[in-house]
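Q: Okay, handing you the structure first.
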Amino acid sequence: MGATTMAEAGVSVAGASHYYFERARETMPRERLAALQLKRLRATTKNAYENVPFHRARLDAAFIEPNDVRSLDDIRLLPFTVKTDLRDNYPFGLFARPRSSLARLHASSGTTGKPTVVGYTENDLRTWADLMARSFACAGARPGDLVHNAYGYGLFTGGLGAHYGAERLGATVVPMSGGSTERQIALITDFGARVLCSTPSYALAIAELAERQGVDLRQSALEVGLFGAEPWSEAMRQEIEVRLGLTAIDIYGLSEIMGPGVACECEHRSGLHGWEDHFLFEVIDPESNAPVPEGHAGELVITTLTKEALPMLRYRTRDITRVTRAPCDCGRTHLRILRITGRTDDMLIIRGVNVYPSQVEAVLIGTAHIAPHYQLVVERRGSLDHMTVEVEVRHGVPPDAFEAIARDVAHHIKSLIGITTDVVVKKPDEIPRSQGKAVRVRDLRPKE
């Protein structure tokens, strides 16, 4: 795709203040969007069938050929793909292009087994940069902005994904990566960054250290924060905004699909616009695998429509959410993915009650004297699972208040979530900080 002109990207004909990186694509009528999706769905199914033995075997077993996809509803004919499929075909078994023709590889950390490896052609990288630039613009970033990028660089897709997207938008990028939090604060203030990119938990760590140093980042040039890579609650958004003095925007992605930039909130923050010209979104019941009605919660399933190196057919994200196709006031026509409330593989069953870490977070954040850092410790007691909530007090809270705080937190968790927990109150800084994705759950149950 050629360079986007300011006329293509700028304000709408009606004179609204909404800014688009690719206005024609972002405001495409839904009928044309559906026609484009079908054309690209047929092409990506053909790419997967002809070039990936794994997909061809799955489709053959289901007696499906690419030409059988005649409507968007026919997506339901295709088998699902799951994360273990990437690990089972490690490292390059799901690639539709020879490794020698790829421009870049990324991979997960592999802490629970072999990493999941993803690859990109040169064209894939251009698409990714365009979609990240589109997401930056949707979030409120503009050409010429200074973008402080505290996402981790390296095999993690966050750092380089944000980097090339911001450059594609025409912004100036500070490629800080994670860590060295004191230096992060100095450069944010000295360089005058308007946009901050990081995980939400690391944004709070930056805010916390700045406050201890006597630096008021609310008085800095920061106006927009693009936060993703981990689930976060509305309560955490408010905490970040109060402490950093910016507008916190949710961005969504996963490496198996592309990386960050699959979806992003606009300034109205009523859901993340999923870029439907490049991805086909479904929401299914994770138990029955049947589609759920629009607006109902279920597991998000994504099919890539333009990926060359790693086409993904009906990838089960394990993320629980809802979608809406109702018009957005920003003028973008792409559906909106409502805030991710948890993951099917993060759900804990505590004495018969389904619990997501985000539910506990919503209770904790905003509670008096509690800092926005916590961990959930799950262990087996007899035949039942038990959860201990470790929380951290804010600076200046005396130790003789810890017992009352623990009782108060346990009471709120019981009344709002319905489970009985132990609560351990820790001193400031005792809960480990993460420069990347926060570790919210420590599962001490015996492996079965």
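Q: Roughly what % of Cα-Cα distances in the range 162-218 sit above 19 Å, to the whole percent?
A: Working: 440 of 1596 pairs.
That tail contains 28 percent of the Cα-Cα pairs.
Q: Check residue 338: other-chain or 5+ apart residues with amide H under 5 Å from its amide H, H built from backbone geometry?
A: Under 5 Å from the amide H of residue 338 lie the amide H atoms of 272, 322, 323, 324, each far enough along the sequence or on another chain.
Q: Here's a follow-up. With both bridge residues required to lie in the chain, what share of the DSSP beta bridges run antiparallel, to the nearest 5%?
A: Taking every DSSP beta bridge with both residues in the chain, the antiparallel ones total about 60 percent.
Q: Let me ask something else. Give me, ordered by chain and number, the residues 5 or more places off residue 424 or on other chains with an amide H under 5 Å from its own placed amide H.
A: Hits under the 5 Å cutoff: 389, 390, 391.
Q: Which trypsin sites (Lys or Arg not before Pro) does the range 334-365 hold that lie in a coil by DSSP with at most 15 other beta carbons within 10 Å?
A: For trypsin sites (Lys or Arg not before Pro) across the range 334-365 that sit outside H, G, I, E and B with at most 15 neighbouring Cβ atoms in 10 Å, the list reads 351.
Q: Right, next: From the backbone phi of the range 271-279, what are the Karplus-calculated ³J(HN,Hα) couplings (6.51 cos²θ - 1.76 cosθ + 1.60, θ = phi - 60°) in whole Hz, Gly and Pro given as x?
A: Once θ is set to phi - 60°, the couplings for the range 271-279 become x, 8, 5, x, 6, 6, 6, 10, 9 Hz.
Q: Looking at the range 295-448, send over the antiparallel percent of its DSSP beta bridges, to the nearest 5.
A: Around 70 percent of the beta bridges assigned by DSSP in the range 295-448 are antiparallel ones.
Q: Return the FRET efficiency for the residue pair residue 388, residue 100: r is the Cβ-Cβ distance, R0 is 51 Å, and the value is rounded to the nearest 0.05. Present the calculation step by step, with values, prior to reporting the outcome.
A: Details: r = 51 Å, r/R0 = 0.99.
Here the calculated transfer efficiency is 0.50.
Q: Which GluC sites (Glu not before Pro) in the range 271-322 sit in a loop by DSSP (not H, G, I, E or B) and have at most 11 other Cβ atoms within 10 Å of their own Cβ?
A: 287
Q: Roughly speaking, what is the stretch gain from residue 341 to residue 404, that is 0.36 nm per residue apart minus the C-alpha to C-alpha distance, in nm to one decimal? Before the final figure, lay out the partial values.
A: Numbers: separation 63, 0.36 × 63 = 22.68 nm, distance 2.94 nm.
Answer, rounded to one decimal: 19.7 nm.
Q: Same structure, new question: Could you calculate the contour length gain from residue 77 to residue 213, that is, 0.36 nm times the residue separation minus the distance between their Cα atoms, to one decimal place in nm? Kindly include the intermediate steps, with their values, before the conclusion.
A: On the way: separation 136, 0.36 × 136 = 48.96 nm, distance 5.75 nm.
Roughly 43.2 nm would be gained on extension.
Q: Using Cα-only point scatterers and the Debye equation, what is log10 of I(q)/I(0) for the range 11-107 at each q in 0.11, 0.12, 0.16, 0.24 Å⁻¹, rounded to two decimals?
A: -0.51, -0.58, -0.84, -1.20
Q: Can you tell me which aspartates and glutamates have their Cα less than 18 Å from the Cα of residue 46? Leave out same-chain residues fewer than eight positions away.
A: Answer for residue 46, where 18 Å is the Cα cut-off: 60, 65, 68, 73, 74, 124, 277, 308, listed by chain and number.
Q: Apply the Karplus curve 6.51 cos²θ - 1.76 cosθ + 1.60, θ = phi - 60°, to the phi angles in the range 73-82 and return the couplings in whole Hz, x for Gly and Pro.
A: 5, 6, 4, 6, 6, 7, x, 6, 10, 10
Q: Which entry in (i) 58, 28, 18; (ii) 39, 30, 19; (iii) 36, 28, 20 is this structure's computed semi-axes √(5λ) of the Cα gyration tensor in Å?
A: Label (iii) holds the value from this structure.
Q: Given axes a ≥ b ≥ c from the Cα gyration tensor, I'd like to know whether the range 94-162 is rounded (a/c under 1.5), prolate (a/b larger than b/c) or oblate.
A: Oblate is the answer for the range 94-162, as a/c is 1.5 or above yet b/c matches or exceeds a/b.
Q: Of all DSSP beta bridges located in the range 201-285, what percent are antiparallel, nearest 5? Present the calculation step by step, with values, prior to reporting the outcome.
A: Working: 7 of 11 bridges.
Counting DSSP beta bridges with both partners in the range 201-285, the antiparallel share is about 65 percent.
Q: Then there is this: Rounded, prolate or oblate: pick one for the range 288-349, where a ≥ b ≥ c are the square roots of the eigenvalues of its C-alpha gyration tensor, a/c under 1.5 means rounded, and failing that, prolate if a/b is larger than b/c, else oblate. Let's see the in-between values first.
A: Numbers: a/c = 1.93, a/b = 1.09, b/c = 1.77.
Oblate, since a/c reaches 1.5 and b/c is not below a/b.
Q: Expressed as a whole percentage, what fraction of the accessible surface of the chain belongs to carbon and sulfur atoms when a 1.4 Å probe is rolled over the protein heavy atoms?
A: Taking all protein chains in place, the chain shows 51 percent carbon and sulfur surface.
Q: In 10 Å bins starting at 0, how do the alpha-carbon pair distances of the range 279-434 split up by percent?
A: 10, 29, 26, 21, 12, 2, 0
Q: Give the lysines whose C-alpha is closer than 26 Å to that of residue 427, dropping any in the same chain fewer than 8 places away, or say none.
A: Within the straight-line limit of under 26 Å, residue 427 reaches these lysines: 414, 437.
Q: Next question. Magnitude of the Cβ-charge dipole of the chain, K/R +1 and D/E -1, about the Cα centre, nearest 20 debye? Present the calculation step by step, with values, prior to reporting the outcome.
A: Details: 53 positive and 56 negative charges, 150 e Å.
So the dipole magnitude of the chain works out to roughly 720 debye.
Q: Search the structure for amide H atoms under 5 Å from the amide H of residue 103, placed 1.01 Å from N in the peptide plane, and list their residues when 5 or more places away or on another chain.
A: Under 5 Å from the amide H of residue 103: 120, 121, 122.
Q: Place a point 7 Å from the Cα of residue 439 along the Cα-to-Cβ direction; which residues of the range 196-212 have their backbone N under 20 Å from it?
A: 199-206
Q: Over the chain, what relative contact order in percent results from Cα pairs under 8 Å that are six or more residues apart?
A: On the way: 913 pairs, mean separation 60.8, N = 448.
Relative contact order for the chain comes out at 14 percent.
Q: A follow-up question, please. Could you work out the relative contact order of the range 104-232? I mean the mean sequence separation of Cα pairs under 8 Å and 6+ apart, divided by the number of residues, in percent.
A: 24
The values are calculated or read from the model by the stated rules, or taken from the named source; none is laboratory data. Note that this is a predicted model, so its numbers are computed, not measured. All Cβ positions, even for glycine, are placed from backbone atoms using ideal geometry, and neighbour counts span all protein chains on display. Just the protein is used for accessible areas: all its heavy atoms, side chains included, with ligands, DNA and RNA removed. Shrake-Rupley method; radii C 1.70, N 1.55, O 1.52, S 1.80 Å.
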